[in-house]
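Coordinate-derived values only; no laboratory data. Just so it is clear, the structure is predicted and the values come from calculations on it, not from any experiment. In this analysis, Cβ positions are derived from the backbone assuming ideal geometry, glycine residues included, and neighbour counts consider all displayed protein chains.
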Amino acid sequence: MLTSAPGTCSRRGFTLIELLVVLLVMGLIAGMVGALVRPDDRAVLRVEAERLSELLDLAATEARLTGMTVAWVADAAGYRFWQLRDDTGWTEVREDSLRARSLPPGAAISDLRIEAMLPADGMRLEFGPHGSLAYDFKMSLGEARYAVAASPLGEVRIHEPPHASR
């Protein structure tokens with residue numbers, strides 16, 4: 001019982017075109033996954049700016065609740081928080097919420113202004129137990145730019161500076 005005509009081959013398989021289409025689809029999917037896994041500079045910087053704005057708000061709240069001054073100090077590698085204690089002076093905060101943090105590679109914090117003036121002692125903010133502090137600074141990573149600003153009422157927000165490129 002023959003199921004095919006004499007002299008024809010009944011082997012089944014994939015044609016070269018079918019294999020190329022499958023490889024093309026797999027390549028497109030791998031490219032999309034790669035783009036999703038590695039976010040662009042703007043997304044990385046936005047996450048870092050949001051984290052820092054929340055931490056600064058937390059530091060100001062901590063100063064008001066404990067009655068002790070809390071300072072934020074930034075350098076090229078990252079930032080950390082300090083607390084002024086009556087008995088020991090300035091002590092680095094090492095608890096989970098206000099622990100020292102590193103900036104993403106290539107990120108920078110610059111142009112700190114406190115009450116619209118340049119600070120005398122570099123990248124340092126001090127949150128006292130009484131009142132709020134108005135300040136702003138810029139964060140950058142590659143071409144991405146964000147500004148972090150706090151109003152005199154204590155509201156901390158992030159926004160893109162007007163000259164930021166898209």
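The table below lists the values:
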item	result
Förster radius 30 Å - calculated FRET efficiency between Met32 and Glu54, Cβ distance, rounded to 0.05	0.45
Residue among Ala43, Leu133, Ile158 farthest towards the positive dipole end of the chain, charges placed on Cβ	Ala43
Given the chain, longest segment not containing exposed loop GluC sites (Glu not before Pro) (DSSP; at most 12 other Cβ within 10 Å)	1-94
nm² value of the averaged projected area, convex hull over the Cα atoms of region 2-122	15.0 nm²
Charge dipole (debye, nearest 20) of region 41-159; +1 at Cβ of Lys and Arg, -1 at Cβ of Asp and Glu	220 debye
Most mobile of Leu84, Leu58, Leu16 in a GNM of the chain (Cα contacts under 10 Å)	Leu16
Computed FRET value (nearest 0.05) for Ala149 with Leu20, which takes r as the C-beta separation and R₀ as 45 Å	0.25
Backbone N within region 123-142 under 19 Å of label point (7 Å from His159 Cα along the Cβ vector)	133-140
Convex hull per residue volume in Å³, alpha carbons only, for region 43-107	75 Å³
